[in-house]
Amino acid sequence: MTPPDHVRIVEVGPRDGLQNEAAEFTTAIRTELVRRLLDCGFGNIEAGSFVSPKWVPKMADTAEVMAAFGPAERERLSVLVPNVRGMEGAVAAKAREVAIFGAASEAFSQKNINCSIQESLDRFRPVCDMARERDIRIRGYISCVLGCPYQGHVEPGTVADIAATLFDMGCYEVSLGDTIGVGTPLKAREMIEAVAAVSPMEHLAVHFHDTYGQALANIYAALESGIRAIDSSVAGLGGCPYAPGAAGNVATEDVIYMLDGMGIDHGIDFERLIDTARFILDSLGKSPVSRVSAAKLGRCAA
Ligand code: HMG
Ligand code: MG
């Protein structure tokens, strides 16, 4: 492949990384993580979510995290919202970007947000209206694009249809989520090409969890297909509370190491990123799952 000049990284560690974390951590630690990620140079950081605290208790303090940042910093932060109630929280927190999140699997949609795919799209419409009225950017997610923990196979055509609907609602980008990390490179490419047949490739992103160790290979295949935006999580933190067995997101430092080796610009300070990985690992009392962090920090990968 001819490598692209630039790839944009969306850092999801403070949200996807910490939403399902077993270790206890304080609001101050999550806030400090966001601050350090801003210092690394990320232009897009998911700071948290306005979801039910009964469903995802670890994100209950998202308003406090957002309140720690000024207008210029908030331009680089986003929050997940599942419904109008969540959007009201995002507006009160002066969020400049929200992410709505649907799924390509009926069973996962029910487990994750307690409604069908169609109901979720209906819930997102007023959320998008509120965002547009306030000039708040909207990002879209589709979960289970390469397989579902409950129903198994997912048709690429289903993913393509939902992506087209999310773009119609006003999403500037749609992130394709391999929620349980079952994808492999050729299947990832086939799915991306099916979506790009009806939606603009330059507005698609990929979001790989690394359950089966395929995430970097899948990202390479996605880059070959023309993808230029990648979601990842510092230190490979993460997992979805409603996706049994889902491991962390691909580690940001592993992605950055690969991009550096390919001569692709990303705008992230690698040494600061490794320091940030060290900070959050020490705060949580964890060993790195990222091979790059393990090598750089002189610790064994967990
Ligand atoms: P529900 O129970 O169907 O909703 O949940 P409801 O409208 O009947 O409300 C029930 C209760 O929740 C009420 O409180 C509401 O006020 C409250 P009660 O009267 O019982 O005290 N409530 C809220 N509270 C705070 N914020 C809100 C909110 N909405 C209702 N926004 C709901 C529906 C969507 C709220 C629920 O299912 C939920 O919060 N789910 C959490 C989903 C989640 O955060 N999942 C993880 C993120 S997605 C992900 O990780 C995948 C991704 O990374 C991509 C990938 O990897 O594939 C993005
Ligand atoms: Mg995820």
- request: Of the conditions (1) within 20 Å of E46 (Cβ to Cβ); (2) in contact (Cβ under 8 Å) with a residue 60 or more places away in the chain, P244 clears all except one; give me its number.
  value: (1)
- prompt: Based on what the data block shows, is R85 open to solvent by 70 Å² or more (accessible area, probe 1.4 Å), among the basic types (K, R) and closer than 27 Å to I256 by Cβ?
  reply: no
message: Can you pull out every residue in the stretch 1-23 that is farther than 18 Å from T62 by Cβ and outside any loop (DSSP other than H, G, I, E, B)?
response: H6, R8, I9
- prompt: Has the stretch 163-173 got at least one residue that is surrounded by fewer than 24 Cβ atoms within 10 Å (Cβ to Cβ), within 16 Å of ligand 2 (Cβ to nearest atom) and within 16 Å of the chain's Cα centre (by Cα)?
  reply: yes
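Okay, residues lined up against (1) open to solvent by 10 Å² or more (accessible area, probe 1.4 Å); (2) not small (G, A, S):
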{"position": "A217", "(1), (2)": "yes, no"}
{"position": "Y220", "(1), (2)": "yes, yes"}
{"position": "E224", "(1), (2)": "yes, yes"}
{"position": "A235", "(1), (2)": "no, no"}
{"position": "P244", "(1), (2)": "yes, yes"}
{"position": "T252", "(1), (2)": "no, yes"}
{"position": "I256", "(1), (2)": "no, yes"}
{"position": "H266", "(1), (2)": "yes, yes"}
- line: Of those in the stretch 174-190 that are in contact (Cβ under 8 Å) with a residue 40 or more places away in the chain and over 24 Å from L80 (Cα atoms), the residue most open to solvent (accessible area, probe 1.4 Å) is K187
- request: Residues being within 18 Å of the chain's Cα centre (by Cα), within 16 Å of ligand 2 (Cβ to nearest atom) and outside any helix (DSSP H, G or I): count how many of those fall in the stretch 24-58.
  value: 8
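The values are calculated or read from the model by the stated rules, or taken from the named source; none is laboratory data. What you see is a predicted model, and the numbers here were worked out from it, not measured in a lab. Neighbour counts are summed over all protein chains in view; Cβ atoms, including those assigned to glycine, are modelled from backbone coordinates with ideal geometry. Ligands, DNA and RNA are stripped out before the accessible areas are found, and what is left, the full protein with its side chains, is counted by its heavy atoms. Shrake-Rupley method; radii C 1.70, N 1.55, O 1.52, S 1.80 Å.
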